Structures are given as structure tokens and as C-alpha cells.
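Remarks on the structure that follows.
The values are calculated or read from the model by the stated rules, or taken from the named source; none is laboratory data. All values reported here derive from a predicted model rather than from experimental measurement. Don't worry about glycine lacking a Cβ; one is built from the backbone with ideal geometry, like all the others, and counts go over all protein chains shown. For accessibility, only protein heavy atoms count, side chains too; no ligands or nucleic acids. Shrake-Rupley method; radii C 1.70, N 1.55, O 1.52, S 1.80 Å.
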Amino acid sequence: MPSEPAQNTIQYISSAPANVMIMGEHSVVYGQPALVASLIPRIYIEWSPRDDQQLEIISELAHFTTSLNKIEDHPKLRFVLAALKAFTPQLSQGWTLRIHSEFPDDWGLGSSAAVLAACLVGLESISQQALTTWQRFEIGHRCILDIQGRGSGADLAASLSGGLVYFDPSHQVIQPIKIPLDVCLVYSGYKTPTSEVLAHVAQTWADRPETLEKLYQQMGDCTRTAYEVLMQTHSAQDLAFYQQIKHYQQLMIKLGVSDPTLDAIIHQLNECLPAAKISGSGLGDCVIGFGHIDALPPYKIMNTRISSRPAECIPQPTTNHQPKVTL
């Protein structure tokens, strides 16, 4: 049995927001920019020091203990474990991590990126470092590549930075934009793993690589135009912005990652909201609508808004009683 954390106290609480892709799906993997929004719901991690060299992770996904000296793998905790490995040289004792999420992990709201961001800022505080947002991103992006082999890290950039983020991987830009925006997320009821969607796209376009490259360029140009509109108007409530959202959706259809269910949801949302589109890699997950709705039977919905609150770590006061995280 693993030993109890030293004094059973929480020393830090770190957290990071859920995130959703506004524009830039697929093309961002090939160096094009993206607009990504961090949302109100968050993932929280309570960090309790231990009097041994064990790392204990307690979450709804798994309860796992491993040694700080040799961190073993767990298929459901890879992003947490990758972050711990990255900071192992700076850790002198074991820790117990209790992870709480305010949003479901199967809605395509960047739960992996959010928990990774929460881990990174927590470990930064524990190791008494002062990193820039880009330095945190670089560490986290290496973790993503080690686990997945590919990925732009756009979702990580949003969870680290907070707000509506313009992310340009080719020029190392993570720029938060302070613009309020209400959104609703409609869950299609199913999810196709991103790796399978990418394989589908690769197969579909295998004999037309130059045309695919031009399509990604069009996606990038669309995202840049939307960003320029936001910077000029300082508002997301602009017809020109919504026109770019709708244009990007048409490009996603052309790419081949929409399907009849997603098309139907988008059509219904467009009848009552200024714009809607696929959010994520497609062939499932969520549709994002710009504004709030009461219901869209038979689908589950979530009304939320952009949060400017970045990933953060808050030291906890030393008491004889274990403080509780406020979610």
C-alpha cells in the first residue's frame, strides 16, 4: 500500500481551462495559424507532498502510483506522467496529485491539454522556476510529441494563456485577445479519434497532395482574415468575423471531415445563431455555435463563454486541516 502524503496537506492547487478550436483545425498541424478559445470550465490539481519517493495520481480516469525514480506508463494518464518526467530532475520528494474536472473528457474540449497545462504550472511552482508562457509551451509541446508523434499544441497554448488566443506555430506566437464571446457546444454523441480522422484525410487526398496543400493555405488565410477582423473591430460580434467562420466550415466540408449528423446540427444552429461550425478534427465531437441556445434535442449542449483566466498555481496556507478546492 502506498504511504500517506506527508502531513496529509495540500501545498498547491493548480488549474487550467478547457479549450475549444475556433478556427485552424487541421491546417495548424501544417504550420498555419489558429484561433483557440479557453473556456470557463477548468481542470484542478491538488498537490500534496509525500514523505517517500512515490508519485500517486488520483482521478476519475485512474488511480495510479509509480516511483519518482522510474516513472512507469499508464495509458490514461500519459500527459500527467509526461509532465512529471520533464520535471523529475527538479523534484526531491514524492507527490500525490488529485485531479478534478469540471467538464467531460469525451467532448473534445482539450482535456488532455488542460491537464497538461495544469501540471506544468504546478510543477513550475514546486520546482521554484519562473518560466515564460512560450517556455511552458515548449516543454508541454515536447510532451505532446513524445506521446502522439504529432500535434501543433494549439490547445495547450490556449489552456496556458487563457482568453481567445491567436496561435501561430511558424512564428512562435501565442497572443491572447481580450474579446468577450459566448459560445454553445453541441455534442454529436460520438467521437472519432483524431488519429483516425487524420488517416482518413491522408487517404482521401493521397493522390492530390498539391491540392491539399492549397486547401490548408486557404484555411490559414481564412484564420488570418478572421484575426485581422478581430483586431480591427475589437469585437467578435461582427458580420465579417462570422462570414469567416462559415467559410472555414465550408473548407472543413471540402477537406472531408464533416458528416450528415454534423451538417444537420450546424444547419439548425445557423437558423438561430450568427454562425456555427465543427470544432475539433471532425467526424464527431462537438459543433460550436456563436451565442447561447436553450436546447437542441436530442443532443447534449453546454453554454459557456471565453475565460481570460490562464493556467495558474496557487500555494495553499499551511494549516492542520486539509483545504478544499472550490470548483
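Couple of notes before you dig in:
- Only one entry of D146, D106 meets the criterion of being open to solvent by 20 Å² or more (accessible area, probe 1.4 Å), in a loop (DSSP other than H, G, I, E, B) and at pLDDT below 95, and that entry is D106.
- Qualifying residues in the stretch 199-234 (those that are open to solvent by 80 Å² or more (accessible area, probe 1.4 Å) and outside any helix (DSSP H, G or I)) - the one modelled with the lowest pLDDT: H234
- Of all residues making up the stretch 250-300, the number that are out of contact with any helix residue (DSSP H, G or I) (no Cβ under 7 Å at 6 or more places or on another chain) and among the hydroxyl-bearing types (S, T, Y): 2
- Search result, residues across the stretch 293-310 that are in contact with a strand residue (DSSP E or B) (Cβ under 8 Å, 6 or more places away or on another chain) and over 22 Å from A114 (Cβ atoms): I293, A295, L296, Y299
- Looking across A37, A62, A86, one residue alone is open to solvent by less than 20 Å² (accessible area, probe 1.4 Å), of a type in the set (G, A, S) and over 16 Å from the mean Cα position of the chain (by Cα). It is A62.
- Scanning the stretch 166-198 for residues that are touching a strand residue (DSSP E or B) at 6+ places or on another chain (Cβ under 6 Å), under 18 Å from I278 (Cα atoms) and either in a loop (DSSP other than H, G, I, E, B) or free of Cβ contacts under 8 Å to residues at least 12 places away in the same chain (or both) turns up just one, L181.
- Strands (runs of 3 or more DSSP E) fully within the stretch 1-93 counting 2 or more residues that are within 22 Å of S281 (Cα to Cα): 12-23, 34-49
- Taken over the stretch 159-173, residues that are under 21 Å from P41 (Cβ atoms) and touching a helix residue (DSSP H, G or I) at 6+ places or on another chain (Cβ under 8 Å) amount to 6.
- Listed by first and then second residue, the pairs linking a residue in the stretch 199-228 that is farther than 23 Å from F167 by Cα to a residue that is open to solvent by 60 Å² or more (accessible area, probe 1.4 Å) and in a helix (DSSP H, G or I), with Cβ atoms under 8 Å apart and 6 or more places separating them unless they lie on different chains, are W205/T211.
- Flag for Q268 being free of Cβ contacts under 8 Å to residues at least 40 places away in the same chain and on the phi > 0 side of the Ramachandran plot: no
- The residue list P310, P274, P260 contains one member that is modelled with pLDDT of 95 or more and open to solvent by 70 Å² or more (accessible area, probe 1.4 Å), which is P260.
- Residue count for the stretch 84-103 under the criterion of being in contact with a helix residue (DSSP H, G or I) (Cβ under 8 Å, 6 or more places away or on another chain) and closer than 18 Å to A18 by Cα: the result is 3.
- Filter result for the condition that a residue is more than 23 Å from S27 (Cα to Cα) and of a type in the set (A, V, I, L, M), over L269, L251, L262, L255: L269
- Within the stretch 117-132, being under 22 Å from V173 (Cα atoms), touching a residue at least 60 places away in the same chain (Cβ under 8 Å) and of a type in the set (A, V, I, L, M) holds for A117, A118, L120, V121.
- Considering residues of the stretch 277-294 that are modelled with pLDDT of 95 or more and assigned to a loop (DSSP other than H, G, I, E, B) only, the residue surrounded by the fewest Cβ atoms within 10 Å (Cβ to Cβ): D294
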